[in-house]
Amino acid sequence: MIIMTATRKLVQQLQEFPTPAVADAASYLGYSPGYANSSLRCMTPGLPVMVGEAVTIKVCSTNPAGSGNMDMFWDMLAMMSRSDVPKVCVIEAVEHDNRAGAVCGDGMAKIFLTVGCIGLLSSGAIRDVAGITAQGFKLFGSGSAAFHDPYEWSGLGEPVTIGGMKVRTGDLIHADSDGCIVVPAVSFDRIVPATRLLIDFEKKVHLIHRREDLGFDDKKEHATRMVAALERDISDCGDRDY
C-alpha cells in the first residue's frame with residue numbers, strides 16, 4: 001500500500017466537492033474516512049469548503065496563571081510557511097478547571113493567513129467570529145467565548161483529537177457546513193475521479209426517485225443496477241487525476 005502526500009493541485013480539485021461526497025467516495029474506494037462528531041460546529045457557514053493539510057498543536061487558554069509563552073506558536077507558523085500546500089491549523093483545547101476560553105481571535109487569524117493557513121479546526125472556543133469571517137478565514141470549533149487567559153502551547157506536531165476525530169500533522173482535512181473528515185491518504189490517487197462519479201450517480205438516482213411514472217419495485221430495480229454500476233466504475237478509476 002502506497003501512502004501519498006497531498007499536493008496543491010489535489011487540494012484545489014477537492015475544493016470543488018461537498019464534504020459528504022468526498023467521504024462517500026472514500027468509502028466506496030474501501031477506505032473509511034475519519035470524521036468529527038456533532039460537537040464540532042462550522043462557525044463560518046457562508047464560506048467555501050475548507051481543504052488543507054493539518055498542522056496540529058495543543059493549547060490551554062483557561063489558566064489565569066498560564067505562562068503566556070508564544071515560542072511554540074511561532075514555531076508552528078514557521079512550519080506552515082515551508083510549503084505551498086494550504087494549511088489548516090488543528091488545535092486541541094486543554095481545559096483548566098473545566099472552563100472554555102477562546103483559542104483564536106481575529107488577530108491570530110490574520111497571522112495565519114499570511115503563512116498560507118486557510119482555516120482552523122479546534123475542540124475549543126473562538127472569538128471575534130464576525131471579523132474572522134470577513135477575512136475569509138474558515139472556522140470549526142465548539143462555540144464562542146469572549147475571553148482567554150494567557151496561552152500555554154504544547155504538543156506541536158503531535159496527534160490530537162477533535163470532536164472524536166484523530167488528526168495527525170500532514171493529514172488532509174476536508175470540511176464544510178455538514179462536518180469535517182480526514183481524507184484517507186491511500187485514496188489520494190483516486191479520490192477526485194471517484195467523487196465525480198459519486199456526484200454524477202447521485203444526480204441520476206435522484207431523478208429516478210422523483211419519477212412518478214415508476215412504482216416502488218421499478219425504482220428499487222433501477223437504483224440497484226445503478227449502485228452496482230457505480231461500484232464497478234469507482235473500482236476501475238485508477239488513473240491519477242491530480
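The values are calculated or read from the model by the stated rules, or taken from the named source; none is laboratory data. What you see is a predicted model, and the numbers here were worked out from it, not measured in a lab. Glycine gets a Cβ as well: all are built from the backbone with ideal geometry, and neighbour counts include every protein chain shown.
Some points to look at:
- For the stretch 128-152, residues that are assigned to a loop (DSSP other than H, G, I, E, B) and either closer than 24 Å to Met165 by Cα or of a type in the set (Lys, Arg) (or both) total 4.
- Index of the failed condition, Cys180 passing every other in (1) of a type outside the set (Phe, Trp, Tyr); (2) under 16 Å from Ser39 (Cα atoms); (3) part of a helix (DSSP H, G or I): (3)
- Residue that is surrounded by the fewest Cβ atoms within 10 Å (Cβ to Cβ) [pool: residues in the stretch 1-22 that are in contact with a Gly (Cβ under 8 Å, 6 or more places away or on another chain) and within 21 Å of Leu230 (Cβ to Cβ)]: Pro20
- Taken across the stretch 144-166, residues that are of a type in the set (Val, Ile, Thr), in contact with a strand residue (DSSP E or B) (Cβ under 8 Å, 6 or more places away or on another chain) and farther than 15 Å from Ser39 by Cβ do not occur at all.
- Residue list for the stretch 201-228, restricted to those being modelled with pLDDT under 85 and of a type in the set (Val, Ile, Thr): Val205, Val227
- Boolean, Val88 is modelled with pLDDT of 95 or more and either more than 22 Å from Leu14 (Cβ to Cβ) or touching an Asp or Glu at 6+ places or on another chain (Cβ under 8 Å) (or both): yes
- Residues in the stretch 176-198 that are surrounded by fewer than 17 Cβ atoms within 10 Å (Cβ to Cβ) and not charged (D, E, K, R): Ser177, Val186.
- One residue stands out among those in the stretch 124-175 that are surrounded by fewer than 22 Cβ atoms within 10 Å (Cβ to Cβ) and charged (D, E, K, R): the one that is nearest to Gln12 (Cα to Cα), which is Arg168.
A quick yes/no check of all residues on (1) more than 30 Å from Ser122 (Cα to Cα); (2) modelled with pLDDT of 85 or more; (3) among the aliphatic types (A, V, I, L, M); (4) in a helix (DSSP H, G or I):
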{"residue": "Ile173", "(1), (2), (3), (4)": "no, yes, yes, no"}
{"residue": "Ile199", "(1), (2), (3), (4)": "no, yes, yes, yes"}
{"residue": "Leu230", "(1), (2), (3), (4)": "yes, yes, yes, yes"}
{"residue": "Gly238", "(1), (2), (3), (4)": "yes, no, no, no"}
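- Selection over the stretch 1-48 of residues that are in a helix (DSSP H, G or I) and among the aromatic types (Phe, Trp, Tyr) gives a count of 1.
- Restricting the stretch 129-164 to residues that are among the charged types (D, E, K, R) and at pLDDT below 95 leaves a set whose member that is nearest to the chain's Cα centre (by Cα) is Glu152.
- Given (1) in contact with a strand residue (DSSP E or B) (Cβ under 9 Å, 6 or more places away or on another chain); (2) in contact (Cβ under 8 Å) with a residue 12 or more places away in the chain, number of the condition Pro64 does not satisfy: (1)
- Selected residue (criterion: farthest from the chain's Cα centre (by Cα)) from residues of the stretch 82-127 that are hydroxyl-bearing (Ser, Thr, Tyr) and in a loop (DSSP other than H, G, I, E, B): Ser83
- From Lys87, Lys9, residue being of a type in the set (Lys, Arg) and under 29 Å from Ala145 (Cα atoms): Lys87
- Residues of the stretch 49-78 satisfying the condition of being surrounded by fewer than 16 Cβ atoms within 10 Å (Cβ to Cβ) and among the aliphatic types (A, V, I, L, M): Ala65, Met70, Ala78
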